[in-house]
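One structure below.
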Amino acid sequence: MEITHDKEALPNRKPPTEQDIIDELKLRSKKYLRGKGANLKGLKDKKLRSQLVAREKLYGESAKAAAQAEKWIMPSDQGFLEAEGLEKTYRIKQETIAREVDILSSRNQYDITLPELGPYTLDFTPSGRYMAVGGRKGHLAIVDMMNLSLIRELQVRETVRDVAFLHNELFFAAAQKKYSYIYSREGTELHCLKDHGSVLRLQFLKNHFLLASTNKFGMLLYQDVSTGDVVGKYRTGLGRTNVMQVNPYNSVVSLGHSAGTVTMWKPTSSSPLVKMLCHHGPVSALAFHPNGHIMATAGKDKKIKLWDLRKYEAFQTLPGHANTLEFSQKGLLACGNGSYIQVLRDVSGAQNYSSYMTHSMVKGYQIGKLAFRPYEDVLGIGHSMGWSSILIPGAGEPNFDSWVANPFETPKQRKEKEVQSLRDKLPVETIMLDPSKIGTVKFTKKEKPTVEKMDADMEAAVEAVKGKKLKKKTKGRSKAGKIMPKKQDAIATAKRPYLEQKIQEEKKASSKKQKTNGGVELPKSLQRFAHKKPSS
Amino acid sequence: MKVKVISRSTDDFTRERSQDLQRVFRNYDPILRPQEKALEYQRALNAAKLDKIFARPFIGAMEGHVDAVSCMAKNPSQLKEIFSGSMDGDIRLWDIAARHTVCRFPGHQGAVRGLTVSTDGCILVSCGIDSTVRLWKTPVASFVESNAPIKTVEPASVYVWKNAFCSADHQWDGEHFATGGAQVDIWNHNRSQPVNSFVWGSDTVLSVRFSPAEPNLLASSASDRSINLYDLRKATPLRKLIMQTKTNSIAWNPMEPLNFTVANEDGCCYSYDLRNLDIAKYVHKDHVSAVMDIDYSPTGREFVTGSYDRTVRIFPNTAGHSREIYHTKRMQRVFCVKFSGDGSYVISGSDDTNLRLWKAKASEQLGVILPREKKKHEYHEAIKKRYGHLPEVNRISRHRHLPRPVYKAAALMRDMATAKKRKDDRRKAHSAPGSVTTKPLRLKRIVKEVE
């Protein structure tokens, strides 16, 4: 079937022209350019301009090289699911997909039923190789996802509310009944984090080695796990919440509150950077697109909203509840509600999300947590009866970078990476809404004082001089006739700088006016038309 | 329905045998690297700090002289050889790599003041205050063990002349050499008397230096604060430039044939263009006392200076301030400095009878560098350059610990300069407009130019 189809298509297919190849490269290299180049038109310094031109050229070349590498060298292709004819992708069942894919992939569809210890929450390492699961009733486990083997499981006999991996699979944190704990991969308790209190949600900021948590009292706490310092501890003042998510683009922590607001926090300020009203009702879930520009929120007002974080505007509102939201690496949005999962996709790239896939669990299962496995087309589901895994084609980034996150990492590479990442640990000050601001010039516009302000200043200066007491002098030098001119002189000198400034500004204004007139003095009768453009 | 999911078999992504290298896959997508700018800045900061940690410029001292080292000469044909002359008349040839004396050239009765080697490296010329010029055959370079006895060499010829000498320099690509004393004398290898003499004024000539690009062009400085230019083919000197203070030494830029830099008594170095001597191209400030000697790197991009303030500094040839300062507790007044022939080391000779060997780049890694190490160094250099303008990186990479006297003197000089400027500004503000003009520093120290 496939082959005949190809033969039919062959006569119509032309080899790409030179122009096509160039256009494609240009399109591909756009994302590697990281925005527009600097505008060097107005630059007067010739030497600087030539240096900058050379640098811009270098950026262009490196982007082109990266684009070419992306086209030719990448080992894997992205997954996809395409409907044919009248089919709809959201009607396709997991069983149908299982029949079509290879054995290795179909092993990623499974359900683990552990009804006594649920509901379960889960977390993946950045490479997607390992998964930590935590059951509400105290069941903690680490699973190697490559060969689906259980590395370690332990029973802490205490409520577990959340689990989070630290910088690699050797350590993970669990939010338990009273305190949070850090465990090693072998299940040894390494630290008890008493500062956090009874934590509801845990998140790890891997560039900064910070463990962020929100607890029962609506407190947001940041702890540096490499040094143990508590970097920031802030009362949100907006009540208890378990909706917390880190924006991967800038490491800003967002909290969703019961009043419908979403607040964004950095560890160095006690007030939120952003406070936005998103829903008329409690916010139930929150997720960020990996590129950091899109936020998805779900509220109890039966709405799921998608926000453009560059404008702080909702660009799409969808109906429906969601207990949990999650973006995949390629931008698919998974919403979980009850026992039903819906995956949304932005087909055209025009910020219009529509249904891509759906999946229903067994009735009665309550989905608590959704997590896409990085670098795989797999969605992990933590629910009340255990955990499950389904295939979502096109969800994951097909090509990993060995130096960023390597699923096939050897212990030696892991050790090296740990040292590297500790050396590259970012200071907490680098958490800001726009991280590309680092290394740029901050423009501080000097504000011109208004006329009233200048007058007031002058008055104050005069008053200050008037209030000054003159020294009592002998030999008739403190007579009224002597003091009076002295005082007037002092007042005049106090006034002088302000008056001079005023005169200068007037001069400037008048010269500007002349310039706009083009230097030609018009007859008085014509002057009222002077600002209008001459018709031609 | 068409479906494809990501499926990786372990075999495709791991090595086959344990002897193989680990496979590396790259994906340059910016989304995989959030906060890359912050990360890069942090790395630049770390690179600047690492530079400080690894900054160990002092390699070793070469001891042997019993009096102050007054002059040095590089052997142009041998990378690891350097000659040094001392105030007691001793001349030594050093092996820089092993840091010991290879042989000695005894004979001078007083201080040796001028030392130079012919371009082919065969003949060493020395002159001193005993009014003699001595020519020596340099020993053939061979592998010498460190414990071999020090050889002595007899002079090939000795020429006695009328006056004491202060400096000597050999012509590039020719058989003439020049000495400076009461006048500038031009000598030939085979004649016992100078073939030519130049006199302009009656003061002592402090230094002579041939241009490396134009063999017949010669610059000299005299104690009457003048810098003279001569052409050997002409009977009279070409030009004379008089500055406010005297010039101790001159160095030609080996890569830019028209430019030369002079080491001045006022602690500054001045770069001049031969064609336009009425204004300096650059003023290199930083030393707090007289600059005694100057030598260009073979790349022509930087030069080293030794000063009476007991420090050695390295300046970029187009910058107003030095990029590096070298000092040790035991180093006294520096009388002579030289860049090594490959531009990676600096040798200084000082009043404390020692020659000292320094790295030209303080934090450079010596020895064989692996390709990966090299790449890392290049990356560090690049990010330091990219973020060098940011205050923290700039502060760390610019900071140098200074000896207390130098620090104090620099602060004092700065105070004096600001006070002077303040006074000048006030004078200007209270004079008739245009009646008081401020001269730029490039112009200020020049008295006049005589043709």
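The values are calculated or read from the model by the stated rules, or taken from the named source; none is laboratory data. On a predicted model such as this, the values are computed, not experimentally measured, just so you know. Reconstructed Cβ throughout: ideal geometry from the backbone, glycine too, with neighbour counts over all protein chains shown.
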Counting just the residues of the stretch A:360-391 that are over 21 Å from residue A:321 (Cα atoms) and part of a loop (DSSP other than H, G, I, E, B), which one comes out farthest from the other protein chains (Cβ to nearest Cβ)?
-> A:374
Among (1) at pLDDT below 90; (2) within 30 Å of residue B:9 (Cα to Cα), which single condition is residue A:413 missing?
-> (1)
Could you tell me which of the residues B:18, B:70 is of a type in the set (Ser, Thr, Tyr) and within 14 Å of another protein chain (Cβ to nearest Cβ)?
-> B:18
Please report, ordered by residue number, the strands (runs of 3 or more DSSP E) entirely within the stretch A:59-178 with at least 1 residues that are within 32 Å of the chain's Cα centre (by Cα) and among the basic types (Lys, Arg).
-> A:160-165
Could you count how many residues in the stretch B:238-259 are within 18 Å of residue B:167 (Cα to Cα) and of a type outside the set (Ser, Thr, Tyr)?
-> 5
May I ask you to list the residues in the stretch A:219-233 that are of a type in the set (A, V, I, L, M) and without any contact (Cβ under 8 Å) to a residue 40 or more places away in the chain?
-> A:219, A:221, A:230
Name, by its number, the condition in (1) touching a residue at least 40 places away in the same chain (Cβ under 8 Å); (2) within 14 Å of chain B (Cβ to nearest Cβ); (3) at negative phi that does not hold for residue A:104.
-> (1)
What are the residues in the stretch A:59-89 that are in contact (Cβ under 8 Å) with a residue 40 or more places away in the chain and either within 21 Å of residue A:329 (Cβ to Cβ) or at the interface with chain B (Cβ under 7 Å from one of its Cβ atoms) (or both), if any?
-> A:67, A:70, A:71, A:74, A:75, A:76, A:77, A:78, A:79, A:80, A:81, A:89
Among residues belonging to the stretch A:407-426 that are in a loop (DSSP other than H, G, I, E, B) and facing chain B (nearest Cβ under 8 Å), point out the one that is nearest to the chain's Cα centre (by Cα).
-> A:426
Of the numbered conditions (1) in contact with a Gly (Cβ under 8 Å, 6 or more places away or on another chain); (2) surrounded by fewer than 21 Cβ atoms within 10 Å (Cβ to Cβ); (3) away from chain B (no Cβ under 14 Å), residue A:170 satisfies every one except a single condition; which is it?
-> (1)
Report, by residue number, each residue of the stretch A:427-448 that is within 25 Å of the chain's Cα centre (by Cα), more than 7 Å from every other protein chain (Cβ to nearest Cβ) and either over 29 Å from residue A:264 (Cα atoms) or among the hydrophobic types (A, V, I, L, M, F, W, C) (or both).
-> A:428, A:431, A:432, A:433, A:441, A:443
For the stretch B:374-391, state whether one or more residues are surrounded by fewer than 12 Cβ atoms within 10 Å (Cβ to Cβ) and either in contact (Cβ under 8 Å) with a residue 24 or more places away in the chain or among the aromatic types (Phe, Trp, Tyr) (or both).
-> no
Test residue A:52 against the criterion of being modelled with pLDDT of 90 or more, on the phi < 0 side of the Ramachandran plot, out of contact with any Pro (no Cβ under 7 Å at 6 or more places or on another chain) and surrounded by 12 or more Cβ atoms within 10 Å (Cβ to Cβ), and give yes or no.
-> yes
Subset of the stretch B:276-303 (residues that are among the hydrophobic types (A, V, I, L, M, F, W, C) and either farther than 20 Å from residue B:441 by Cα or not in a loop (DSSP other than H, G, I, E, B) (or both)) = B:283, B:291, B:292, B:294, B:303
For residue A:513, are the conditions met, namely being at negative phi, modelled with pLDDT under 80 and outside any helix (DSSP H, G or I)?
-> no
From A:254, A:284, residue being closer than 12 Å to residue A:433 by Cα and not in a loop (DSSP other than H, G, I, E, B) = A:254
If you take the residues of the stretch A:312-332 that are surrounded by fewer than 19 Cβ atoms within 10 Å (Cβ to Cβ) and within 24 Å of residue A:433 (Cβ to Cβ), which of them is farthest from the other protein chains (Cβ to nearest Cβ)?
-> A:317
In the stretch B:320-341, what residues are under 14 Å from the mean Cα position of the chain (by Cα) and hydrophobic (A, V, I, L, M, F, W, C)?
-> B:325, B:334, B:335, B:336, B:337, B:339
Could you tell me which of the residues A:465, A:441 is touching a residue at least 24 places away in the same chain (Cβ under 8 Å) and either of a type in the set (A, V, I, L, M, F, W, C) or within 30 Å of residue A:274 (Cβ to Cβ) (or both)?
-> A:465
Of the criteria (1) within 29 Å of residue A:88 (Cβ to Cβ); (2) at pLDDT 95 or above, which one residue A:339 fails = (2)
Before we move on, is residue A:54 within 14 Å of chain B (Cβ to nearest Cβ) and either closer than 20 Å to residue A:377 by Cβ or under 27 Å from the mean Cα position of the chain (by Cα) (or both)?
-> no
Are any of the residues in the stretch A:36-48 away from every other protein chain (no Cβ under 13 Å), touching a Phe, Trp or Tyr at 6+ places or on another chain (Cβ under 9 Å) and more than 30 Å from residue B:4 (Cα to Cα)?
-> yes
Exactly one of A:150, A:122, A:140 is away from every other protein chain (no Cβ under 14 Å) and within 20 Å of residue A:343 (Cβ to Cβ), and that residue is A:122
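Residues checked against (1) within 23 Å of residue A:159 (Cα to Cα); (2) modelled with pLDDT of 95 or more; (3) not in a loop (DSSP other than H, G, I, E, B):
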{"residue": "A:181", "(1), (2), (3)": "yes, yes, yes"}
{"residue": "A:192", "(1), (2), (3)": "yes, yes, yes"}
{"residue": "A:212", "(1), (2), (3)": "yes, yes, yes"}
{"residue": "A:217", "(1), (2), (3)": "yes, no, no"}
{"residue": "A:228", "(1), (2), (3)": "no, no, no"}
{"residue": "A:250", "(1), (2), (3)": "no, no, no"}
{"residue": "A:259", "(1), (2), (3)": "no, no, no"}
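The rows are residues; the columns are (1) under 23 Å from residue B:332 (Cα atoms); (2) among the β-branched types (Val, Ile, Thr); (3) in contact (Cβ under 8 Å) with a residue 60 or more places away in the chain.
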{"site": "B:204", "(1), (2), (3)": "no, yes, no"}
{"site": "B:215", "(1), (2), (3)": "no, no, no"}
{"site": "B:224", "(1), (2), (3)": "no, no, no"}
{"site": "B:233", "(1), (2), (3)": "no, no, no"}
{"site": "B:250", "(1), (2), (3)": "yes, yes, no"}
{"site": "B:255", "(1), (2), (3)": "no, no, no"}
{"site": "B:261", "(1), (2), (3)": "no, yes, no"}
{"site": "B:295", "(1), (2), (3)": "yes, no, no"}
{"site": "B:299", "(1), (2), (3)": "no, yes, no"}
The stretch B:30-40, subset charged (D, E, K, R) and surrounded by fewer than 17 Cβ atoms within 10 Å (Cβ to Cβ), residue nearest to the other protein chains (Cβ to nearest Cβ) | B:33
Given the residues B:26, B:56, which is the only one that is among the charged types (D, E, K, R) and at the interface with chain A (Cβ under 9 Å from one of its Cβ atoms)?
-> B:26
